[in-house]
Amino acid sequence: MTTGSTGAVTQIPTDVVGVAHDLAPVLAERASKFDEGDRFVADNYVLLKEAGLVQAGVPLELGGGGAGIAELCEMLRIMAQSCGSTALAFAMHTHQVAIPAWRWRHQNVAAVEPLLKRVATEKIILLSSGGSDWIGGSGKAEKVEGGYRITARKVFTSGAIAGDILMTGAIHCADDGTEKVIHFGVPMRAPEVTVMDNWRTLGMRGTGSNDVVIDKLFVPDASVAFSRAAGHWHPVFQIIATIAFPLIYSVYLGIAESARDIAVEIARKKPASETALNLAGRMETALRAAQLAHRAMIEEAERNAPSAESVNEVMVGRSLVASHGLEVVELAMELAGGASFYRDRGLERRFRDMQGARFHPLQAGPQAHYAGAMALGLPVDAIF
């Protein structure tokens with residue numbers, strides 16, 4: 001148990017999948033209002049905190065729920081069937097917890113303990129700028145006495161207004177012209193940090209993925225978690241890619257599954273036809289392909305051996321979940337017919353939300369290059 005800021009005792013669930021099932025009807029009921037109003041799913045975050053899901057991925061020994069990758073993926077998949085925006089925004093927090101939890105358990109990295117304990121006791125929300133920064137990095141880190149002065153604009157920061165710490169980095173240019181990326185946490189309440197109000201998008205409208213502007217924030221040397229060469233894979237990023245993407249793409253799998261269910265419900269009320277049978281069969285086949293690919297992603301993460309090879313396997317799975325998931329929602333729209341065009345059926349929202357699967361790294365081009373280089377025995381260090 002933990003005690004929240006209000007003094008209420010929160011039971012940390014051990015069955016995070018069961019909790020997600022319990023919350024699903026409420027998330028489904030609220031989803032359309034967040035989508036239609038371009039509103040961040042703040043009310044749902046209150047539910048997730050009260051249910052103990054914020055600390056679900058923190059090891060039991062550190063006061064959390066002890067959920068593993070497979071359980072967290074299933075939790076997010078179930079949530080996504082009801083509200084893609086809630087699931088995707090929360091996936092960003094979830095993977096930022098799962099990564100230090102993995103490092104604590106498998107690499108004995110004691111430095112991550114304070115952060116994990118804060119998540120468990122204070123239920124702080126972690127944010128990610130990984131998709132916008134990625135291997136290349138972004139922003140400027142100016143070396144000053146005792147640390148760095150950071151100036152940056154971090155885009156696609158899901159759940160920004162609800163976040164407590166942004167896990168991010170910035171590029172420092174040394175006197176010899178070499179560039180390195182330093183990584184650190186940004187306190188979101190700092191006066192140098194501003195959350196923009198610019199998230200107006202095709203889909204995932206409730207994620208609140210606004211830009212975060214950092215204006216000359218001082219980061220002490222002691223707060224830099226690690227540094228790396230800009231534009232090159234680092235072992236920590238191999239861990240990040242291997243663990244984070246099964247979690248993120250469980251959201252898109254859940255969206256595809258719910259689109260399939262809506263389309264089937266609509267189609268069953270109509271007379272069967274050869275066309276409908278063909279569309280339904282192709283949709284089922286595409287969905288099964290996405291499910292199998294996602295299962296392979298989880299299995300790769302559970303091998304607990306992050307490497308260039310595990311990145312390749314996970315990113316192949318990421319591309320397969322994306323391409324087959326997109327195929328599912330397209331076929332679902334066609335199978336449902338004109339009814340799918342109405343917002344109140346929820347299918348067009350799934351169609352729009354699924355488009356987000358295109359944009360997370362490694363996107364289709366870099367992923368193909370990475371896989372091709374691996375197959376041919378060529379370097380992948382700078383492919384991202």
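The values are calculated or read from the model by the stated rules, or taken from the named source; none is laboratory data. What you are looking at is a predicted structure, and each value in this text was computed from that prediction instead of being measured. Positions of Cβ are backbone-derived with ideal geometry, glycine not excepted, and every protein chain shown enters the neighbour counts. When the accessible area is computed, the model is the full protein with side chains, heavy atoms only, and any ligands, DNA or RNA have been set aside. Shrake-Rupley method; radii C 1.70, N 1.55, O 1.52, S 1.80 Å.
Of all the accessible heavy-atom surface of region 72-167, with the other protein chains kept in place and a 1.4 Å probe, what percent is carbon and sulfur?
Values: 1650 of 3220 Å².
Answer for region 72-167 is 51 percent, counting heavy atoms of protein chains only.
Note on region 195-306: percent of Cα-Cα distances in each 5 Å bin, starting at 0 and stopping at the bin with the largest distance, equals 2, 8, 11, 11, 13, 15, 13, 9, 6, 4, 3, 2, 1, 0. Using all pairs of distinct alpha-carbon atoms, the Kirkwood hydrodynamic radius of region 229-275 works out to 14.0 angstrom. Membrane-span-like helices in the chain (whole DSSP H runs, Cα extent of at least 18 Å along the helix axis, mean Kyte-Doolittle hydropathy of at least 0.0): 16-36, 69-82, 235-267, 308-336. The Cα trace of region 1-144 gives Rg and Dmax of 15.9, 52 Å, the first to one decimal, the second as a whole number.
Straightening the chain between Asp261 and Lys33 buys 80.0 nm, computed as 0.36 nm per residue apart minus the Cα-Cα spacing.
Using R₀ = 41 Å, calculate the FRET efficiency as 1/(1 + (r/R₀)^6) where r is the Cβ-Cβ separation of Asp22 and Ala382; round to 0.05. List each step's numbers first, then the result.
Working: r = 46 Å, r/R0 = 1.11.
Between Asp22 and Ala382 the formula returns 0.35.
Can you tally the lysine pairs in the chain where the Cα-Cα distance is under 15 Å and the two residues are eight or more apart, or on different chains? Before the final figure, lay out the partial values.
Details: Lys49/Lys123; Lys140/Lys154; Lys140/Lys180; Lys140/Lys216; Lys143/Lys180; Lys143/Lys216; Lys154/Lys216.
So the count of such lysine pairs works out to 7.
Quote the relative contact order of the chain in percent (integer), defining contacts as alpha-carbon pairs under 8 Å separated by 6+ residues. Each step should come with its number before you reach the end.
On the way: 741 pairs, mean separation 61.4, N = 384.
Relative contact order for the chain comes out at 16 percent.
Ordered from largest to smallest accessible area (heavy atoms of protein chains, 1.4 Å probe), the residues Asp381, Asp15 come out as Asp15, Asp381. Close amide H contacts of Trp199 (hydrogens built in the peptide plane, cut-off under 5 Å, sequence separation of 5 or more or a different chain): none are found.
The packing ranking of peptides 217-224, 172-179, 303-310, 72-79, highest mean first, is 72-79, 303-310, 217-224, 172-179, where packing means the average number of other beta carbon atoms within 10 angstrom of each residue. For region 33-88 versus region 185-235, the spacing of their alpha-carbon centroids is 21 Å.
Gain on full extension, evaluated as 0.36 nm per residue between Glu50 and Ala222 minus their Cα-Cα distance, stands at 58.6 nm.
Classify region 54-209: rounded, prolate or oblate, from the alpha-carbon gyration tensor (a ≥ b ≥ c, eigenvalue square roots; a/c under 1.5 rounded; otherwise prolate if a/b is larger than b/c)? Please list the in-between numbers first.
Values: a/c = 1.98, a/b = 1.27, b/c = 1.56.
Because a/c hits 1.5 or more and a/b fails to exceed b/c, region 54-209 counts as oblate.
Annotation for region 237-271 versus region 325-357: alpha-carbon center distance of 12 Å.
Heavy-atom accessible surface of region 272-357, averaged per residue, reaches 46 Å², computed with a 1.4 Å probe.
Would region 159-251 count as rounded, prolate or oblate if I go by the C-alpha gyration tensor, calling it rounded below 1.5 in a/c and otherwise prolate when a/b exceeds b/c, oblate otherwise? It would help to have the intermediate numbers written out before the result.
Numbers: a/c = 2.02, a/b = 1.26, b/c = 1.61.
In terms of gyration-tensor shape, oblate.
Before rounding to the nearest 500, sum -39500 (n - 2.57) across all DSSP H runs of length at least 4 in the chain and divide by the residue total; then give [θ] at 222 nm in deg cm²/dmol.
On the way: 11 runs with 192 residues, N = 384.
Counting only the DSSP helices, I get -17000 deg cm²/dmol.
Mean silhouette area of the chain, derived from the convex hull of its C-alpha atoms and averaged over all directions, reads 19.5 nm².
Structural size metrics of region 232-384, computed from C-alpha coordinates, are Rg and Dmax of 17.4, 56 Å. Taking amide H as placed 1.01 Å from N in the peptide plane, Gly147 has its amide H under 5 Å from the amide H of Asp221, each at least 5 places away in sequence or on another chain.
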